[in-house]
Amino acid sequence: MEQLDKLEQLLEDLAEEIEPHMHLIKSFLDTIKLTDKPVSLFSATSMFPRVESIRIGIFNLAKVEEYYSINILYRSLIEHFIKSQYLFLKTTEQKDDSIGITYYLSGQEKEKYDYVKSIVKTYEAHNIDISDHSDGIFKQFNIDLDAKKIKELKNNAKQFFFKNMVTYVATRMTKAGALELSLLNTVLPAYSHLSSSVHGGATSVFASSYAEENITGILGGSVYMSLLTRLCSYILARKYNSEYAVLYSITRRYMADFIQNYVKDENENKKV
């Protein structure tokens, strides 16, 4: 696929140009604890490797035309992207480290709590009475069963519900410009449409055709989400280390190249 080759080459060229500056990333990670928002900065900037990993997976699947799996990964990519934008915007706008603490620390506690609850439910499904031992299982995983604490964990998790993050991000993208809003208007319907594939729903039997028919937009959208997530990571790091300006400039140039040579052409062909 010619488009796939071109997009892959663009990203390979970007990686090659950034490679000599990779020491900056390690330096930033080593000094992040000295900043005023260490947990938030770590949470926001650590989203890019995950987004890029999914993007690579989509490209590899496109090469072998495995469209059903592309559906699943693309939906996951959209969710990762929205979360990365949410963390980026919150970290930028807030004056303290609260968003990172809520996401990274409280989030881990909530996930651990849900995991242990699933263990308890597994025992119950096998008719094993653990009423006298359930508290011990939670304590084994160092989970505070205080009702107030559990309520706090659940309340903290609500802001990371997809629909809540989308509302927040959409408001900011509306102010940012037409291109960002166009992306949002493209990926959000796809996110909903692909839900059946992820969960093995009734319509998922016909789902492969979606990725096959929309592969051009999926590949382009994947690249744009990856580039923007990378760019936002460098924006945050640049605030604390001016040397990151070079990484920002390089990525911004490739973003402009991508928009000029892909997005505009696709808009003219009414495929994006």
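Values quoted throughout were computed directly from the atomic coordinates according to the rules given, and no laboratory measurement underlies them. From a predicted model like this one, the values you see are computed outputs, not experimental measurements. All Cβ positions, even for glycine, are placed from backbone atoms using ideal geometry, and neighbour counts span all protein chains on display.
Looking across the stretch 52-77, the residues that are assigned to a helix (DSSP H, G or I), charged (D, E, K, R) and either over 22 Å from Ala15 (Cβ atoms) or within 14 Å of the chain's Cα centre (by Cα) (or both) come down to Glu52, Arg55, Arg75. Condition check for Tyr123 on (1) surrounded by 18 or more Cβ atoms within 10 Å (Cβ to Cβ); (2) over 21 Å from Val223 (Cβ atoms); (3) of a type in the set (Phe, Trp, Tyr): one failure, at (1).
Do the conditions hold for Arg252, that is, is it more than 16 Å from Ile54 (Cα to Cα) and surrounded by fewer than 17 Cβ atoms within 10 Å (Cβ to Cβ)? Judged against the criteria, Arg252 is a match. Pairing each residue of the stretch 86-102 that is part of a helix (DSSP H, G or I) with any residue that is polar (S, T, N, Q) and surrounded by fewer than 19 Cβ atoms within 10 Å (Cβ to Cβ), provided the two are 6+ apart or on different chains, yields C-beta distances under 6 Å for Thr102/Asn156.
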